[in-house]
Amino acid sequence: MFDDTSGTKVPGLVQKGLEIMALPDTLPAFTPDEYLAFERSSESKHEYLDGLIYAMAGSSPEHSTICVNVSEVITRQLRGTPCRPFSADMKIRCLSSPSTTRRRRGLFAYPDLIVVCGEPVFHDTQQDVLVNPTLIVEVLSPSTEAYDRGEKFLRYQELTALTDYLLVAQRYPCLEHFAKQANGQWLLTIETHLSGSICIASINCRLPLAEVYEWVQFPTPEAPASASNA
C-alpha cells in the first residue's frame, strides 16, 4: 500500500520500475474505469497495467531536456501538416480484447511524446486518453528501460493506428526507431552518431541527434584503476 501525493492510502498502488512478473497475485485489481477515476483526481501521475496502478517517478534533468528537444524538433516539422503532437500529459490506452486472459486488463500509459495524424480519437469525453497514436516516443530511464522495450512495446503494438515507436537513450547518444511494415513486422533502425539523424517517413520528420541531445551532459566513463591500486 502506497500514498499518493494527496495523502490517500491506495491499495494496489505500486512503485513503477518493479518487475511485473514478481508482483504477488494478492494485490487488488482495479478496472480501467476505477483507474481513470483515481487518476483524474490525483495530483501526480500514475500508469495502469492489468489492474495495477504504478506511481511514476520524477525525471532527471537529462530526461527533461531530451523530452523538450525531441518535442521541439518534431513539432516545428509538423506545422502545416495533418499530424499533431501531444505532450507527456496525454495518456495512451491499450485495452486487451475480452478473449485474453483474466490478468490482461490493459494498459494506460503516459508516453513522453505522441503524434497523431488525422483526427484524434479519444477514450471518452474527457479527451485525456488517446487511442489512435501514429508515433509514440519514450525517453529511456534506468528503472523503466526494460519495461519500455518489452511489455510496454508489446502492448503498444495492439494499437492499430501505431506505425512508429521511437526509443531515445539518455546516458549516451542513441535513437532506436521501430517502423511498422506492410506485413505487420517492425523494422528497427539505430543511430548512435551525433552527426547522424533518424527519419520517420510516416510523419515526414527527420531527427538530428545533435539537436535531440543539445545541452545534454553524458556521464564520463570511469578511468580504469592504476596498477599501483590493484
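The values are calculated or read from the model by the stated rules, or taken from the named source; none is laboratory data. Bear in mind the structure is a predicted one, so any value in this text is a computation, not a measurement. For neighbour counting, all protein chains shown are included, and Cβ atoms are generated from backbone atoms with ideal geometry for every residue, glycine included.
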Legend entry - So ARG149, is it closer than 27 Å to LYS91 by Cα, touching a residue at least 40 places away in the same chain (Cβ under 8 Å) and not acidic (Asp, Glu): no
Inset, instruction - Could you check, for the range 159-168, whether at least one of its residues is touching a residue at least 12 places away in the same chain (Cβ under 8 Å), touching a Leu at 6+ places or on another chain (Cβ under 7 Å) and over 29 Å from GLY80 (Cα atoms)? - result: no
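From the residues in the range 38-57 that are hydroxyl-bearing (Ser, Thr, Tyr) and surrounded by fewer than 16 Cβ atoms within 10 Å (Cβ to Cβ), which one is modelled with the lowest pLDDT? Break it down into steps so the answer makes sense when it comes.
Our first condition is that a residue be hydroxyl-bearing (Ser, Thr, Tyr); within the range 38-57, this holds for 41-42, 44, 48, 54.
Those still in the list that are surrounded by fewer than 16 Cβ atoms within 10 Å (Cβ to Cβ) too: 41, 44.
Working: SER41: 96, SER44: 93.
The residue in question is SER44.
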Inset, instruction - May I ask you to list the residues in the range 32-46 that are acidic (Asp, Glu) and in a loop (DSSP other than H, G, I, E, B)? - result: GLU43
Legend entry - Criterion violated by LEU207 - all others in (1) surrounded by 15 or more Cβ atoms within 10 Å (Cβ to Cβ); (2) assigned to a strand (DSSP E or B); (3) free of Cβ contacts under 8 Å to residues at least 40 places away in the same chain satisfied: (3)
